[in-house]
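The values are calculated or read from the model by the stated rules, or taken from the named source; none is laboratory data. Small disclaimer: the values here were computed from a predicted structure and weren't measured. Ideal geometry is used to build each Cβ from the backbone, glycine not excepted, and the neighbour counts take in all protein chains shown. For accessibility, only protein heavy atoms count, side chains too; no ligands or nucleic acids. Shrake-Rupley method; radii C 1.70, N 1.55, O 1.52, S 1.80 Å.
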Amino acid sequence: MLSRRAFLTGATAGAALLAAEAASAEPLPTGAGGGSLLQDLMYRSLVPELYATPPALPSTSEVVIIGSGFGAAVTALRLVQAGVTVHMLERGSRWPKPSPWRQTFSGDVIPDGRALWHRRKFTGANGIPLSMHSFGGVLDATDYDHIQVWRGAAVGGGSIVFTGALVQPERRFFDHVFSGTGVSYEELDRLYYPRALAMLRGSTMPADVYGSAPFGHSRAWDKQARAAGYAPQAIASSFRWDVIRSELRGTSRKSATIGETNYGNSNGAKHDLTQNYLREAEATGRLVIHPRHVVHAIGSDARGYWIDYSVVRPNGSEIRRTTARAGRLFLGAGSVGTSELLVRARSTGALANLSEHTGAGWGTNGDAALVQKGSPSGGMSQAAPSASRILDEGGDTPVSLENWYVPGMPINVPMIGSLGMALDDTRAAFRFDAEADRVVLDWPKNGNAGAIAALEATHRRVVAAAEVTPFFTPSADPANAAFTAHPLGGAVLGKVTDTYGRVLGHPGLYVTDGAAIPGSTGTANPSLTIAALAERNVAAIIAARG
């Protein structure tokens with residue numbers, strides 16, 4: 001939905017835009033798209049940068065990376081630093097660079113049509129259904145049977161929409177998940193976790209920020225956890241505390257301090273990939289990013305790897321569809337994007353030598369959102385950055401709970417939110433449905449039952465000690481595991497690739513994202529582990545010249 005002011009802004013700009021259309025970089029859409037002509041005109045007036053013609057992909061490139069999230073961005077930087085020219089394809093738009101005051105993601109009402117990736121209806125973690133414009137926003141909520149997957153759709157990938165948490169898993173949990181992959185926790189801990197954390201500017205929340213009004217819910221969360229006998233651990237975050245302080249002072253528009261993060265932070269409050277890895281890679285002059293390039297299929301023949309893709313407008317309508325070639329192809333389209341491309345290619349014979357394990361080993365990282373009652377704590381809103389987490393190894397399944405704001409609530413409410421992650425071994429597989437000409441995910445009904453039970457046990461201990469109740473009633477189910485924000489697996493190390501992400505049977509083809517991880521990162525948010533693994537893998541690939 002849209003505020004009245006935003007609608008009027010777009011409407012009054014319409015006549016001028018129509019008059020100038022003949023001289024614009026891209027013509028107005030005439031084919032199928034996500035919205036009306038008036039809506040398209042409105043967004044052209046609000047965010048004109050989205051409509052700039054993207055750089056054209058050459059017919060043949062030395063290296064192409066599909067995707068621009070954590071694994072893809074790390075790989076791009078290290079390749080260009082090694083002297084390689086890289087072309088990066090991203091299906092989403094390139095949103096404007098951060099501005100202290102400009103509203104680019106949330107507008108006046110959350111969410112507007114720029115929030116979601118081509119959806120008209122959406123139910124978030126809080127269970128509240130929303131209606132909106134269909135537009136090429138930054139958050140893709142992909143529906144499969146029994147599970148909805150949240151993932152990024154913008155230059156910067158998941159770093160645009162994640163909550164900024166950069167958590168290194170405990171070794172015992174990591175080793176449980178990565179057994180058989182050939183990945184050494186000691187090597188990551190010594191070299192690659194610190195390297196990725198430094199690049200992503202990870203740091204824990206300063207005391208003055210933690211003590212401010214919008215973080216009252218964080219203080220209440222910690223108090224409740226301590227009452228239950230847990231010791232909250234401060235966690236590293238990619239949020240920029242200087243920008244958050246400017247929000248608190250009123251010298252920047254509010255974003256992080258009012259819970260904006262799932263749709264991005266247009267004031268630069270979050271140090272996403274466009275402000276570190278991607279920025280440094282582009283500064284070399286050897287990385288070209290091609291936004292609004294949607295890849296449909298990949299394959300190989302006697303001439304090398306080919307890529308079937310479309311260039312689209314921000315509203316989703318197609319400008320053109322064509323094919324390009326790459327000498328080497330890196331897949332960084334995320335667990336879902338990479339897995340779907342590989343499963344389709346194996347099933348159609350486009351990549352005939354792929355492993356029989358292609359598409360398997362997919363998991364949700366044991367995700368669930370949980371809430372409990374709690375009196376509204378200082379401030380009019382709940383801030384987005386997560387301050388702390390707790391671990392519980394007392395049951396059969398280890399779990400973590402992470403301090404979370406209540407997504408989708410722009411005002412403070414009597415709820416305290418947590419993101420739960422369980423060390424759950426439930427896995428599923430992607431497969432190609434030839435009749436429907438699409439890739440599907442066979443996630444089992446109640447596939448998160450084990451994770452839910454373990455997380456609810458910990459949650460009940462917190463609730464009982466704090467003498468509060470789960471929201472909405474004492475008998476309500478407090479856990480929402482109908483979604484995952486942490487999809488992992490589908491092209492697992494040691495199964496589909498070697499230990500460094502080289503795809504078995506296809507030299508010059510690599511997996512560099514969460515698809516390589518076997519379904520979990522050990523009760524921790526995956527972003528830091530994906531980046532650290534990408535640092536490790538691309539270093540080995542460069543050293544071995546392939």
Pick from segment 51-95, criterion open to solvent by 10 Å² or more (accessible area, probe 1.4 Å) and part of a helix (DSSP H, G or I), ranking: modelled with the lowest pLDDT: Y51
message: Looking at G35, G31 in this structure, which one is modelled with pLDDT under 95, out of contact with any helix residue (DSSP H, G or I) (no Cβ under 8 Å at 6 or more places or on another chain), buried (at least 21 other Cβ atoms within 10 Å of the Cβ) and over 17 Å from Q275 (Cα atoms)?
response: G35
task: Keeping to segment 408-448, report how many residues are open to solvent by 30 Å² or more (accessible area, probe 1.4 Å), touching an Asp or Glu at 6+ places or on another chain (Cβ under 9 Å) and among the aliphatic types (A, V, I, L, M).
output: 1
- prompt: Within segment 404-433, how many residues turn out to be at pLDDT 95 or above, of a type outside the set (A, V, I, L, M) and more than 14 Å from A457 (Cα to Cα)?
  reply: 7
query: Considering A476, A524, A454, A466, which residue is of a type in the set (G, A, S), touching a strand residue (DSSP E or B) at 6+ places or on another chain (Cβ under 9 Å), modelled with pLDDT of 95 or more and farther than 30 Å from T75 by Cβ?
result: A454
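So, of the residues in segment 102-124 that are in a loop (DSSP other than H, G, I, E, B) and at pLDDT 65 or above, which turns out to be nearest to Y263 (Cα to Cα)? Before the answer, list the steps.
Of the residues in segment 102-124, the ones in a loop (DSSP other than H, G, I, E, B) are 102-115, 118-120, 124.
The next check asks that each one be at pLDDT 65 or above; those that pass are 115, 118-120, 124.
Details: A115: 5, H118: 13, R119: 14, R120: 15, G124: 12 Å.
The selected residue is A115.
Answer yes or no as to whether V295 is at pLDDT 95 or above and either among the acidic types (D, E) or out of contact with any Leu (no Cβ under 7 Å at 6 or more places or on another chain) (or both). Spell out how you get there, then give the answer.
On the way: at pLDDT 95 or above: yes; either among the acidic types (D, E) or out of contact with any Leu (no Cβ under 7 Å at 6 or more places or on another chain) (or both): no.
Judged against the criteria, V295 is not a match.
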- prompt: So which residues in segment 143-161 are part of a loop (DSSP other than H, G, I, E, B) and open to solvent by less than 20 Å² (accessible area, probe 1.4 Å), if there are any at all?
  reply: A153, V155, G156, G157
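Being β-branched (V, I, T) and in a helix (DSSP H, G or I) narrows it down to one of V183, V243, so name that one. Talk me through it step by step, then tell me what you get.
On the way: V183 fails: in a helix (DSSP H, G or I).
Testing whether each residue is β-branched (V, I, T) and in a helix (DSSP H, G or I) leaves just V243.
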Inter-residue pairs, beta-carbon under 7 Å, first touching a residue at least 24 places away in the same chain (Cβ under 8 Å) and on the phi < 0 side of the Ramachandran plot and in segment 70-91, second of a type in the set (G, A, S) and surrounded by fewer than 24 Cβ atoms within 10 Å (Cβ to Cβ), 6+ apart: R78/A539; H87/S61
message: Which pairs turn up if I take residues in segment 491-516 that are in a helix (DSSP H, G or I) and look for partners that are crowded, with 24+ Cβ neighbours inside 10 Å and modelled with pLDDT under 95 with beta carbon separation below 7 Å, at least 6 apart in sequence or on another chain?
response: none
